[in-house]
Amino acid sequence: MKLALCGSARAKDANVRQAIIDRFAGVGGKAVAVGTKKNPGPLYGISNHKWSALALCITWIDMKKTCWAPLPTTTKPPTMGSSPHRSSHE
């Protein structure tokens with residue numbers, strides 16, 4: 001997770017938090033990403049372990065987008081006699 005977000009497996013929690021803020025900030029920085037009570041951003045209210053949980057979710061979504069191919073779909077379920085693992089001597 002740290003490697004995916006920060007580019008280093010040795011990153012600290014503060015580095016992960018900053019990477020998330022940078023990702024949501026665009027050009028506005030922390031003021032846009034986190035915001036204030038009067039003008040909350042998408043990350044407003046996230047604290048403590050919630051940063052780690054969010055980092056895990058972001059990493060999972062990124063991996064799903066780039067690494068995982070969709071599962072093939074079948075149009076017809078196999079029948080009892082059509083198993084490719086069955087030998088003709090049974």
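The values are calculated or read from the model by the stated rules, or taken from the named source; none is laboratory data. Note that the structure is a prediction, hence the values are computed from the model and not measured. Cβ placement follows ideal geometry from the backbone for every residue including glycine, while neighbour counts extend to all protein chains displayed.
Regarding region 1-23, can at least one residue be identified that is in contact with a helix residue (DSSP H, G or I) (Cβ under 8 Å, 6 or more places away or on another chain), modelled with pLDDT under 90 and over 19 Å from L56 (Cα atoms)? No; the residues of region 1-23 include none that is in contact with a helix residue (DSSP H, G or I) (Cβ under 8 Å, 6 or more places away or on another chain), modelled with pLDDT under 90 and over 19 Å from L56 (Cα atoms).
Give all pairs with beta carbons closer than 9 Å in which a residue from region 1-27 that is among the aromatic types (F, W, Y) meets a residue that is in a loop (DSSP other than H, G, I, E, B) and surrounded by fewer than 17 Cβ atoms within 10 Å (Cβ to Cβ); count only pairs at least 6 apart in sequence or on separate chains. Correct list of pairs: F24/P42.
If you go through region 10-44 and keep only what is surrounded by fewer than 11 Cβ atoms within 10 Å (Cβ to Cβ) and of a type outside the set (S, T, Y), you end up with R10, A14, G26, V27, K37, K38, N39.
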